[in-house]
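The values are calculated or read from the model by the stated rules, or taken from the named source; none is laboratory data. The structure presented is a predicted model; accordingly, all values stated were derived computationally and were not measured. Glycine gets a Cβ as well: all are built from the backbone with ideal geometry, and neighbour counts include every protein chain shown. To get the accessible areas, we keep the full protein, side chains included, count just its heavy atoms, and leave off ligands, DNA and RNA. Shrake-Rupley method; radii C 1.70, N 1.55, O 1.52, S 1.80 Å.
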Amino acid sequence: MALTTIGSSGTAVQGSVARALRGGRTDVRGRLFEGALVLCLLTSLGVLALLMVDVLGNGVPVYADRGFGFLDGGLSSQAGRAGIAQGIIGSFWIAVAVLVLAVPIGVGAAIYLEEYAPRNRFTAFVELNVRNLAGVPSVVYGLLGLAVFVETFDGFSGGTGVGRRTLAAAGLTLAVLVLPIVIITTSEAIRAVPMALQEGAYGVGATRWEVIRSQVLPYAAPGILTGCLLSIARAVGEAAPLIVVGAATGLLGRNPGLSVASVTDPGSLTERFTALPVLVSTFTKLPAEEFRVDNAAATIVAMLVFILVVNSIAIVLRNRFEQKRSS
C-alpha cells in the first residue's frame, strides 16, 4: 500500500514538473523580473554606446589630421602641437611594474593562503584585510606612495624636491594598489578547481607541490591570467594616485619621442613622469576647446586601444589554456 502511494505521488510530481516546463502556468513575477534585467542591460549598453560615439567622434579626427604625430609629440601649450608620447612611456612602465611586482607576489600569496596556510583565525584575519584593501579608494594608495616611496626612499633616485617624484615611485604605488585584486582573483580561480582532481592526484601518491604544479595551477590558469591582465588595465587607468605621487600636469622638459628605444629605456624610471590618465585629466581642465574636447578624446582613444589589447590577450590566453585543459 505504501509503495503504491509513493509511486502515485511520484507520478503526480513528475506530471506537475512536466506541465511547468511546458509553460502551462504563466509566471508573471518571473517575466517582470526578466524584463527589468533586460532593461538594465539595454540601459548600460546605451550609455556605453553614447560614450563611445562621443569619444570616437571627437578623437578620431585628431588622428586623421595628425596621424602618428599626436602619439609621438610631447606636451605643449599649443593644442595643435601637443602629443602624448611621454604619457605612453609612463603608462608602459607602470604596466611593467605591475607585471613584475604585483603579479608574482599576488599569485604566490594566493597560492600560500589557499594551499599551505592553516585554517585558523589569523588566516581568516589576513584574508578579510586583503578583501578590505581591495576596496580602499585609490587616492589613499597615492598618499601611501607619497609617504613611503617618495619621501622615505627619495623615489629611488636620491634626488631632492620634485626630483624624488619619479616613475619608479609611481609604478610601485600602483603595484601595491592592484596587489589585493591579484590575490583575490587568484584565490577565486584556485577555489574553482574541482576537489576530485586533487584527491585523485593524492591517491596516486603525488606530493602537495606536484598536485599544485600539475593539477591546480593548470586548471586555474585561465582565471589567474584574466585577473592579472585586468589588474594591469586597472592600474594603467588610474589617475588620482599618480597625481598625489607627483605626476607632471604641465610641461615636461624632455620628450624622447615614441620609439622602441625610448619607450624601453630604464632611465625613465628615475625621471619626472606623466601618464595617459593624467593627461586626460590635464587636458579636460584647460580652457581651449581643442585641448578639452579633441585632445582629451584622442588620449582616451589611445587608452581604450591599450585596454582592448590587454583584454584580447587575456581572452586568447584563457581560451588556449581551456582548450589545453579540455584535451
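Couple of notes before you dig in:
- Cα convex hull of segment 35-162 - mean projected area over all directions, nm²: 14.3
- Efficiency of FRET from Cβ geometry, residue 192 and residue 100, R₀ 30 Å, rounded to 0.05: 0.70
- Measuring r between the beta carbons of residue 123 and residue 49 and using R0 = 41 Å, the FRET efficiency lands at 0.35.
- Of the labelled figures (1) -0.43, -0.76, -0.97; (2) -0.28, -0.56, -0.80; (3) -0.31, -0.62, -0.88, only one reflects log10 I(q)/I(0) by the Debye sum over Cα atoms at q = 0.07, 0.10, 0.12 Å⁻¹ as derived from the coordinates, namely (1).
- Accessible area of the chain divided out per residue, in Å², using a probe of 1.4 angstrom: 55
- Contour excess over end-to-end distance, with Cα ends at residue 77 and residue 28 and 0.36 nm allotted per residue: 11.5 nm
- Solvent-accessible ranking of 40, 228, largest area first, probe 1.4 Å: 40, 228
- Cα-derived Rg to Rh of segment 56-108, Kirkwood definition: 1.22
- At the residue level, residue 34 shows approximately 100 square angstrom of accessible surface with a 1.4 angstrom probe and all protein chains present.
- Residues whose placed amide H lies under 5 Å from that of residue 165, excluding near-sequence neighbours: none
- Between 154, 265, 294, the GNM of the chain built on Cα springs shorter than 10 angstrom shows 265 fluctuating the most.
- Two-site label geometry, residue 131 and residue 292: point separation in nm, points 7 Å out along Cα→Cβ: 4.4
- Whole-Hz ³J(HN,Hα) from phi, Karplus 6.51 cos²θ - 1.76 cosθ + 1.60, for segment 177-190, glycine and proline x: 4, 8, 4, x, 5, 4, 4, 5, 5, 5, 4, 5, 5, 5
- Here the gap between residue 148 and residue 210, fully extended at 0.36 nm per residue and compared with their Cα-Cα distance, gives a gain of 18.4 nm.
- Sites residue 39 and residue 112 - FRET efficiency at Förster radius 51 Å, r taken between beta-carbons, to 0.05: 0.70
- Sulfur and carbon atoms: percent of accessible area, segment 71-124 [1.4 Å]: 66
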